[in-house]
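Engineer: Starting off with a structure, shown below.
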Amino acid sequence: MNNKPTPTRKPKTLYNQAILRELQKKYDVGLNYVRQSITGYRSGTLSIKIAEDYKMMEKAATAAIKETLKS
């Protein structure tokens, strides 16, 4: 019998798909490249720009949703 403890898994991070598609179009790269840039798996000037743009767009989207819910 196997008495090893089961490893705990990190929950998957879900990204805003609309933002991912827009970044893909803007930078003309694949969705996988965009996701890897956001997670930090890719490094380079383009990856840094993609990650910064994603954070900015996500904040704007969250603010817009909160503003809509206030009305």
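Engineer: Considering only the stretch 33-55, how many residues are small (Gly, Ala, Ser) and either within 25 Å of ILE65 (Cβ to Cβ) or in contact (Cβ under 8 Å) with a residue 24 or more places away in the chain (or both)?
Structural biologist: 2
Engineer: Also, I was wondering about something else. Could you look through the stretch 37-49, keep only residues that are surrounded by fewer than 17 Cβ atoms within 10 Å (Cβ to Cβ) and modelled with pLDDT under 95, and pick out the one that is farthest from LYS12 (Cα to Cα)?
Structural biologist: Checked the stretch 37-49; the qualifying residue farthest from LYS12 (Cα to Cα) is GLY44.
For (1) outside any helix (DSSP H, G or I); (2) modelled with pLDDT of 95 or more; (3) open to solvent by less than 100 Å² (accessible area, probe 1.4 Å), each residue gets a yes or a no:
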{"position": "PRO5", "(1), (2), (3)": "yes, no, no"}
{"position": "LYS10", "(1), (2), (3)": "yes, no, no"}
{"position": "THR13", "(1), (2), (3)": "yes, no, yes"}
{"position": "ILE19", "(1), (2), (3)": "no, yes, yes"}
{"position": "VAL34", "(1), (2), (3)": "no, yes, yes"}
{"position": "ASP53", "(1), (2), (3)": "no, yes, yes"}
{"position": "GLU58", "(1), (2), (3)": "no, yes, yes"}
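Engineer: Quick one: would you say LYS66 is in a loop (DSSP other than H, G, I, E, B) and exposed (fewer than 12 other Cβ atoms within 10 Å of the Cβ)?
Structural biologist: The answer is no for LYS66.
Engineer: Considering only residues that are touching a residue at least 12 places away in the same chain (Cβ under 8 Å) and open to solvent by less than 90 Å² (accessible area, probe 1.4 Å), look in the stretch 23-32 and name the one that is farthest from ALA60 (Cα to Cα).
Structural biologist: Only one residue tops the list, namely VAL29.
The values are calculated or read from the model by the stated rules, or taken from the named source; none is laboratory data. The model shown is predicted, which means the values in this text are computed figures rather than measured ones. With ideal geometry, Cβ positions are generated from the backbone for all residues, glycine too; neighbour counts draw on all protein chains shown. Surface accessibility is based on the protein's heavy atoms, side chains included, excluding ligands, DNA and RNA. Shrake-Rupley method; radii C 1.70, N 1.55, O 1.52, S 1.80 Å.
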